[in-house]
Structures are given as structure tokens and as C-alpha cells.
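The values are calculated or read from the model by the stated rules, or taken from the named source; none is laboratory data. In this text, all values refer to a predicted model and were calculated from it rather than measured experimentally. A quick note on method: Cβ atoms are made from the backbone with ideal geometry, for glycine too, and the neighbour counts reach across all protein chains shown.
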Ligand SMILES: *[C@@H]1O[C@H](CO)[C@@H](O)[C@H](O)[C@H]1NC(C)=O
Ligand SMILES: *[C@@H]1O[C@H](CO)[C@@H](O)[C@H](O)[C@H]1NC(C)=O
Ligand SMILES: *[C@@H]1O[C@H](CO)[C@@H](O)[C@H](O)[C@H]1NC(C)=O
């Protein structure tokens with residue numbers, strides 16, 4: 001009887017120390033990029049910011065934040081004012097960006113409350129049978145590189161199968177985070193990932209501990225055999241150990257905040273103080289290595305996601321606290337890369353793009369300080385599928401001599417349009433065996449047509465359709481019907497303060513029948529819903545939109561759910577590990593990089 005308690009303690013220690021070591025070790029290898037010189041195909045340089053709001057950028061009307069380099073791109077190119085993300089959250093929005101397809105088609109749209117990948121060691125991610133623009137450009141002779149954030153999964157069945165890894169999705173070179181930056185990556189910040197879930201686990205661990213205690217002390221014990229006592233003891237201790245580990249803070253940092261070069265982990269956990277300089281160095285050296293082109297470089301910024309780690313040069317320099325400092329640092333990095341293009345004489349041969357993966361994160365606050373982005377006049381933000389603030393982002397294109405400088409286009413466009421656009425530029429052919437939702441933007445960007453090819457855009461929140469936009473070409477109206485909207489907290493706040501982000505379903509949303517209808521061309525802030533009394537076209541518009549939904553739904557097929565609970569959870573056997581699991585630690589950059 002008394003043996004049970006020490007047994008629990010010993011088992012916990014043994015588990016922690018030795019048990020999992022035996023599971024696996026990391027096999028790491030390098031794959032070197034291939035390069036082929038092809039003339040006349042432009043280089044493709046894509047900048048994607050993380051969580052940047054449309055109201056945070058100078059050329060979109062912000063007169064206090066300094067983004068001279070992004071503004072310069074707009075001055076020398078085309079600025080889109082109605083550039084729409086396919087989802088209001090990183091993982092699904094980026095899946096759509098990479099594949100030109102709504103995330104619901106690839107299984108990257110969630111029906112539960114885990115709407116983005118939570119761990120490097122989850123089994124979900126961009127399926128291997130999805131085709132990214134990187135893959136197609138690679139086939140057209142491009143050398144393809146990704147520097148920065150991925151957040152599309154890593155492994156499927158072992159810790160080094162790399163089934164979801166960028167190198168398995170058409171990138172010749174990868175340097176960056178397979179996951180995403182988050183507060184847990186910086187020691188003194190309040191942990192961000194899964195705080196509620198971790199609290200629940202803590203509760204479970206208490207319940208298990210209590211059960212162990214009861215087993216040990218209670219009369220129940222006389223009723224079971226020694227063998228079962230031992231088994232119960234070990235399994236409960238194992239659970240206890242797992243839960244305490246899972247819910248501890250250092251765990252998240254160790255498992256998620258890592259940097260990789262190709263398949264090789266270079267820092268575990270990463271050291272944020274030098275990450276920006278490493279990203280910049282890598283982006284520049286990729287361009288220099290591939291100056292004879294053609295290349296695709298996707299600079300997927302870790303900026304401006306929390307914890308907003310900013311180097312000294314920019315710290316305290318902006319008018320908008322830590323968030324503003326971080327935006328200005330990112331703009332400076334854009335400038336450094338553009339300067340290198342100039343210096344290498346590549347400016348006119350490079351098709352350059354800047355956007356953000358979705359709107360600013362309104363609920364990101366540190367005490368009373370706003371540490372998330374600003375979405376200008378648009379309602380809502382990150383996490384909200386329907387409201388404009390979550391999905392309308394900056395979108396700028398530059399290609400001197402080909403795209404008219406200083407142009408502004410107000411037509412609806414999507415981040416999914418990058419896929420067919422760059423494939424067109426590379427001379428490739430779009431996949432014929434699947435629906436591609438993006439449209440080639442070149443005719444619009446060059447002024448050969450005045451109208452966007454998009455008639456309807458579907459605004460999903462996870463796998464739930466929240467709103468639909470109809471661009472009525474003859475009248476120029478842009479209607480948006482909301483079927484579901486989040487319940488704001490506090491009411492009327494325009495965000496879900498205290499809840500992290502707004503939910504997509506359940507008690508936290510309101511269903512609208514008839515839908516809330518707005519004409520964005522007259523009311524871009526979505527402040528006055530129209531009704532059959534105030535809008536003579538109300539019924540006609542709703543009818544058109546419902547027909548479009550029916551047609552859209554007919555094109556959807558059931559696919560494996562990448563964000564199901566099973567695929568989301570941390571699985572020790574999938575953990576990318578530098579060292580011998582669970583002793584994962586390394587720092588392979590040494591001190592070779594100077595600070596910015
Ligand atoms: C500029 O951006 C900051 C930081 O997000 C924001 O607080 C401010 O309101 C913005 N200003 C304008 C004019 O949009
Ligand atoms: C690049 O294109 C611009 C715009 O057409 C032109 O003025 C400039 O001379 C070009 N530069 C070079 C180096 O060809
Ligand atoms: C990828 O595979 C899944 C599962 O077999 C299938 O449902 C899906 O249609 C496939 N996707 C494509 C684009 O072929």
C-alpha cells in the first residue's frame with residue numbers, strides 16, 4: 001500500500017529522465033538547391049508580414065508610423081486597396097496563399113477551436129498532394145527559397161519524415177521557423193499558446209494526483225492485485241508526468257521556438273535577440289547566390305507578431321510603443337533587401353510583392369498598451385472571418401517598366417491571386433486536376449483591364465462560411481452579406497477583449513437570417529446594415545449571393561482535416577529535436593552574427 005507513493009515519484013523521475021530518450025533521435029540532412037539560368041523570367045520576391053494591419057502602413061494612410069520602404073514600393077508600383085486574405089488567421093491564410101485555394105479545400109480550415117497549428121510536433125499540415133507556387137516555379141527552372149515563418153506543419157509519422165516541411169513543398173532552401181513566433185518564445189512574456197488548455201491540463205493533473213493518493217490511502221487497494229496496482233501506478237505517474245510537462249511554460253519554448261536551415265535545426269530554442277539579423281543575412285545571401293536567376297524568394301516575416309522582440313536600434317524610436325518599433329524595424333528590413341536588389345542591378349527584373357497574412361490583432365494588449373495592429377477604418381481584426389478588418393490587408397506590387405508606377409487599384413483581389421500570377425510569369429501551367437480560386441492579376445496590374453475577375457469572394461472563419469462578397473461589375477457596388485458574426489466583448493467593442501480572438505461558432509457568434517448586408521463601396525466601415533426597406537436591391541442581392549454559395553458548395557469535396565484534435569495535439573514522436581529526445585538543445589549559429 002505504502003509502496004504506491006514512492007513508486008509514483010520514482011516513475012515520474014524515470015519517465016522524465018530516460019523513458020522517452022529511447023523513442024527517437026533526429027536524423028538531419030541537407031539538401032542543396034539547384035539553379036538553372038533562364039532568361040526573361042522575372043525574379044519573384046514576396047514579402048509577407050505577420051499580423052500587420054492595413055492601418056499600420058504609411059501609404060495606406062498612417063501618418064505617424066514610419067514605413068518609408070514599403071511606401072517606396074507603392075510609389076514605384078501598384079497599390080491595391082481591396083486586397084483580401086482567404087482567412088483571418090496565419091495557418092489557413094498562408095495555406096491559401098501558397099496553393100491559390102480556399103483553405104477548406106486542403107483541409108486547413110478548422111471546425112474546432114484550434115484554427116492554427118499549435119505545435120511543431122502535431123501531425124497536421126499542408127498535405128503533400130497540395131501544390132504550392134514554389135513547386136511549380138521550381139519546375140519552371142526557378143531556384144526557390146523561403147526565409148522566415150512557415151506554420152504549415154513539419155512531420156506526419158516520425159520526427160524526421162518532413163512531410164509538411166517547406167523542402168517537401170517546392171522550396172529548394174529554407175531558413176526560419178517551421179512554426180510561428182509567439183509570446184512563449186520570449187522568457188519574460190506571458191505565455192500565449194493554449195493558456196486555457198494548459199489551465200485545464202493542470203486541473204486534470206490535480207485530479208490524477210488525487211486519484212493516486214486515494215488509491216494509496218483508500219480501502220480500494222485491498223480489492224486489486226499487486227500487478228494491477230503497479231500498472232495503475234505507472235500509468236497514472238506517466239500521465240502526471242506528461243501533463244505537468246505539457247503544461248509547463250519552458251516546454252512550449254523548447255518545442256516550438258526553433259530555427260531550421262533546410263532539414264537541420266540550428267537553434268533550439270532560438271535566441272530572439274539575433275533572429276532579425278539572421279533573417280536579413282539569409283535573405284540577402286540567397287539573392288546574392290542566385291543573382292543570375294531566376295529565383296523565387298519568399299520573405300515570410302516573423303514581424304510583427306508578439307512578443308515583438310525589437311533590436312536596440314529601433315527600440316523606443318516609434319510613436320507607437322513596442323508595436324510601432326517592431327513595424328519600423330520590419331520596414332527597415334524590407335528596405336535593406338530592396339537596396340540589395342538595386343545594388344545587384346536586379347530591380348527591373350524582379351516582380352516584388354508586399355502583403356500581410358491577415359488583419360491586425362486587436363485583442364493583443366499588454367496591460368493597457370495596444371501591442372497588436374491597427375486596421376484603419378475597417379471593422380474587426382485578426383480571427384474574424386467576415387468583418388473587413390480581419391481580412392483586408394496591404395497589397396503592393398512593383399515591377400519597374402512593366403507595372404505602371406504610382407497606380408492605385410480599388411478592385412477586389414485576393415492573396416490567393418499570387419499563385420496563378422507568378423505561375424503565369426514563370427511560364428508554367430496551372431494544375432488542371434483541382435479548383436484554383438485565385439486569378440492571374442497581370443491584366444489588372446498592367447491596366448489592360450479595369451475589372452477584377454473576382455465576382456464572389458467567400459469569407460470563412462475556420463470551416464464556417466461567415467460572409468460573402470459580391471462585386472457587382474456593372475454598378476461597381478461591392479456587397480457583403482454576413483450570415484454569422486462574432487459576439488463582441490464587451491458589447492460594441494469591435495473585438496473580443498479578454499478572449500484572445502473571437503470564435504467562429506457556438507455561443508460566441510450570432511447567426512443572421514436574413515443576413516446583414518452592407519455595400520462596401522458606400523460604407524467601407526460596415527456601420528449601417530441595409531434592409532429590404534432601405535435598399536431596393538436587397539432581395540435581388542441576397543438571391544444572387546445564395547446562388548453563388550450553392551455553386552461554391554458544389555465545388556467542395558471532403559478532405560482529411562489537418563486541424564482535427566488528433567492532428568493538433570503534441571506527439572513526442574514527431575518532435576523535431578536537436579539532440580536526443582527529450583534533451584533537445586542546440587545553438588549552431590555560434591556568435592558569428594553581429595547585432596543589427
Ligand atoms: C498608425 O498606426 C498606429 C499603430 O498601430 C495606430 O495606433 C494609429 O492609430 C495609426 N494612425 C493612423 C492615422 O491610422
Ligand atoms: C528600369 O526601368 C525603369 C522604368 O522603365 C527605367 O526608367 C530604368 O532606366 C530601368 N533601369 C535599367 C537599369 O534598365
Ligand atoms: C489529397 O489527398 C486527399 C486524401 O487522399 C484527397 O481527399 C484530396 O482530394 C487530395 N487532394 C488533391 C488536390 O488531389
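The figures follow:
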read-out: Test for residue 516: is it in contact (Cβ under 8 Å) with a residue 40 or more places away in the chain and touching a strand residue (DSSP E or B) at 6+ places or on another chain (Cβ under 7 Å); value: no
read-out: Extreme residue, nearest to ligand 2 (Cβ to nearest atom), among residues of region 334-357 that are assigned to a helix (DSSP H, G or I) and out of contact with any strand residue (DSSP E or B) (no Cβ under 8 Å at 6 or more places or on another chain); value: 348
read-out: Scan of region 53-67 for residues that are more than 9 Å from ligand 1 (Cβ to nearest atom) and within 25 Å of residue 501 (Cα to Cα), ordered by number; value: 54
read-out: Count of residues meeting criterion [under 30 Å from residue 294 (Cβ atoms) and either within 16 Å of ligand 3 (Cβ to nearest atom) or touching a residue at least 60 places away in the same chain (Cβ under 8 Å) (or both)] in region 347-384; value: 10
read-out: Failed item in (1) within 21 Å of the chain's Cα centre (by Cα); (2) away from ligand 3 (no atom under 16 Å from the Cβ), with residue 420 passing the rest; value: (2)
read-out: Test: residue 278 is away from ligand 2 (no atom under 16 Å from the Cβ), touching a strand residue (DSSP E or B) at 6+ places or on another chain (Cβ under 8 Å) and either part of a helix (DSSP H, G or I) or closer than 21 Å to residue 400 by Cα (or both); value: yes
read-out: Pair list, Cβ under 7 Å, 6 or more apart: region 157-177 residue assigned to a helix (DSSP H, G or I), other residue at pLDDT 95 or above; value: 166/146; 166/150; 166/174; 167/174; 167/262; 167/263; 168/128; 168/162
read-out: Failed item in (1) in a helix (DSSP H, G or I); (2) touching a helix residue (DSSP H, G or I) at 6+ places or on another chain (Cβ under 6 Å), with residue 378 passing the rest; value: (1)
read-out: Top-ranked residue of region 385-417 - restricted to ones that are under 21 Å from the mean Cα position of the chain (by Cα) and over 19 Å from residue 49 (Cα atoms), ranked as nearest to ligand 3 (Cβ to nearest atom); value: 386
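The rows are residues; the columns are (1) at pLDDT 95 or above; (2) more than 23 Å from residue 494 (Cα to Cα); (3) surrounded by fewer than 20 Cβ atoms within 10 Å (Cβ to Cβ); (4) away from ligand 1 (no atom under 16 Å from the Cβ).
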{"residue": "286", "(1), (2), (3), (4)": "yes, yes, no, yes"}
{"residue": "298", "(1), (2), (3), (4)": "yes, yes, no, yes"}
{"residue": "312", "(1), (2), (3), (4)": "yes, yes, yes, yes"}
{"residue": "328", "(1), (2), (3), (4)": "yes, yes, no, no"}
{"residue": "345", "(1), (2), (3), (4)": "yes, yes, yes, yes"}
{"residue": "352", "(1), (2), (3), (4)": "yes, yes, no, yes"}
{"residue": "365", "(1), (2), (3), (4)": "no, no, yes, no"}
{"residue": "370", "(1), (2), (3), (4)": "no, no, yes, no"}
{"residue": "373", "(1), (2), (3), (4)": "yes, no, no, no"}
